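Student: Pasting in a structure now, in structure tokens, and then I'll have a few things to ask.
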Amino acid sequence: MIELKENSPQQTVNKLPNRTREPRVLQTIWVVLRPMDYLETMQERYGDIFFAEFAGFPSSVIISNPQAIQEIFTADSKLFESGSGNQVMQPLLGSNSLVLLDGERHLKQRKLLMPPFHGERMRAYGQLICEIAEQVMSQLEVGQIFTARQYTQEISLTVILRAVFGLKEGERYQQIRKTLTAMLDTFNYPLSAIFLFFKALQHDLGPLSPWENFVRQRELLDKLLYQEIHERRSQPESLGEDILSLLLSPRDEAGQPMTDIELRDELMTMLFAGHETTATALAWALYWIHYLPEVREKLLQELNSIDIANTEPTEIARLPYLNAVCSEALRMYPVVFFTFPRILQAPMQLMGYELPKGMILSPCIYLTHHRPDIYPQPKQFRPERFLERQFSPYEYLPFGGGNRRCLGLAFAMFEMKLVLATVLSDYSLELAERRPLLPVRRGITFAPPGGVPLVVKGRN
Ligand code: HEM
């Protein structure tokens, strides 16, 4: 983390964004326990670019002004570092993960990881995504109450393991999914992931401590991933079109293949970033669809206008209302509230402010998505807004932007649409409890509390 020393804003710079005046400790507790309330109150008090200070966390400029976000996303990528600001994810993803890299190494890895998540290769997974959704949902019986998030997580995890990693059914496949699920369950309770944020908690505090439990699961998962890597390396004929195969073949300019540790870290990044987020987004979408009968009806009308079973997945993904529902779900409660931090490597002029080197800029997805000037009645879930106008990438940014824009954007949207279309056309569902839900922290994402209990009313 770059520290503000002689460049500290109070000392050298005249024109800085409004600085929050509340005590740091109060702000820290507030943002951890009631993040939306904190962000909205601060935006109201200090405007759409303000400097927030926390105890134990780095202070940063929180930005929900689209013009400022545009300037950040389109600036020379050398002006910022993000990887060094993402160290909180190091225990989970490892130091070689794309999200922890910066500069040339980041650019090179991104190029390597990009192809399977786009274009033809991604579209080839369409049929498989629908089949996986069908298969996971077929475990349910009429009358059964189930937690949406648990099922969407099973779907998205299977999709990543099968379609992206090319893992086949078998003992190791089952062990990987079991261990990963157990590891991610550490994050089921808002405060159990707190050890990620405080190094002091990353010690052996006994076999029942969250950190110990997390480390045990991680060691087991590493062992399984290394076994898979070694097996594939030793059997080049087994290499296919999946991402692990692709990563095993390339060499850098010096002719060096990726090391085992590098491979392991990228696999963890894909596993973690690729299914946890999509599962939460799907659970939100299912919640809204069943919370608002008019949304469900309109969506079913659109889905019934085609024969889902005999329609190309790419065509399903083009349905306008389905797209609007997914987009609105990601607007209303974005899975992550902030993009990665952008740490200034040189002074920057932004909207008339003079920001010093070392300052951390945090574009806030949640606040930008709730601006009434862009999204009238922002607290209302209204997919139609996405049919009425187009939003710029600086007004609508659930996947961030610029040189760090989510690698899995197209893949995640494709998966969301296909899973929703499959589930809704096969099953009649209802909310088990009809109540308004507000996001709760789940690791670094924000998920629906209780995971959205649904009941199966019928099968079509
Ligand atoms: C609904 C699902 C998802 C959401 C909301 C989401 C959101 C995000 C956001 C906000 C960022 C930071 C972007 C920035 O700072 O500008 C990000 C980065 C990233 N996402 Fe996603 N993501 C999702 C699904 C996926 C999937 C399916 C993958 C595929 C494996 C993935 C892989 C990544 C990676 C590797 C990065 C780091 C990119 C970099 O550092 O260059 N994500 N994502």
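Student: Given the structure, is residue 411 near the ligand (Cβ under 9 Å from one of its atoms) and either farther than 22 Å from residue 445 by Cα or surrounded by 21 or more Cβ atoms within 10 Å (Cβ to Cβ) (or both)?
Tutor: It is true that residue 411 is near the ligand (Cβ under 9 Å from one of its atoms) and either farther than 22 Å from residue 445 by Cα or surrounded by 21 or more Cβ atoms within 10 Å (Cβ to Cβ) (or both).
Student: What are the pairs, 6+ residues apart or on separate chains, where a residue within region 430-450 that is under 17 Å from residue 292 (Cβ atoms) and of a type in the set (Val, Ile, Thr) has its Cβ under 6 Å from a residue that is open to solvent by 30 Å² or more (accessible area, probe 1.4 Å) and modelled with pLDDT of 90 or more?
Tutor: none
Student: For region 111-131, enumerate the residues that are assigned to a helix (DSSP H, G or I) and either hydroxyl-bearing (Ser, Thr, Tyr) or open to solvent by less than 20 Å² (accessible area, probe 1.4 Å) (or both).
Tutor: Listed by number, the residues that qualify are 113, 116, 117, 122, 126, 129, 130.
Student: Hey, can you tell me all the residues within region 79-110 that are among the polar types (S, T, N, Q) and assigned to a helix (DSSP H, G or I)? Outline the logic, then answer.
Tutor: Initially, region 79-110 is screened for residues among the polar types (S, T, N, Q), giving 82, 84, 86-87, 90, 95-97, 109.
Across region 79-110, the qualifying residues are 84, 86, 87, 90, 109.
Student: Follow-up. Filter the helices (runs of 4 or more DSSP H) completely within region 291-378 down to those with at least 2 residues that are within 16 Å of the ligand (Cβ to nearest atom), surrounded by 22 or more Cβ atoms within 10 Å (Cβ to Cβ) and under 24 Å from the mean Cα position of the chain (by Cα).
Tutor: Working: elements: 293-304, 313-316, 320-332, 365-369.
Counting at least 2 such residues, we get 320-332, 365-369.
Student: Among the residues that make up region 449-456, is at least one of them in a helix (DSSP H, G or I) and within 11 Å of the ligand (Cβ to nearest atom)?
Tutor: no
Student: Within region 48-78, track down each residue that is open to solvent by 20 Å² or more (accessible area, probe 1.4 Å), outside any loop (DSSP other than H, G, I, E, B) and of a type in the set (S, T, N, Q).
Tutor: 67, 70, 74, 77
Student: Of the residues 404, 389, which single one is of a type in the set (Lys, Arg) and within 16 Å of the ligand (Cβ to nearest atom)?
Tutor: 404
Student: How many residues, within region 82-101, are within 11 Å of the ligand (Cβ to nearest atom) and open to solvent by 40 Å² or more (accessible area, probe 1.4 Å)?
Tutor: Looking only at that region, the number is 0.
Student: Out of all the residues in region 31-45, which are of a type in the set (A, V, I, L, M, F, W, C) and open to solvent by 50 Å² or more (accessible area, probe 1.4 Å)?
Tutor: Residue satisfying the conditions is 33 alone.
The values are calculated or read from the model by the stated rules, or taken from the named source; none is laboratory data. Just so it is clear, the model here is predicted, and its values are computed rather than measured. Here the Cβ is made from the backbone with ideal geometry for all residues, glycine too, and neighbour counts use every protein chain on show. Surface accessibility is based on the protein's heavy atoms, side chains included, excluding ligands, DNA and RNA. Shrake-Rupley method; radii C 1.70, N 1.55, O 1.52, S 1.80 Å.
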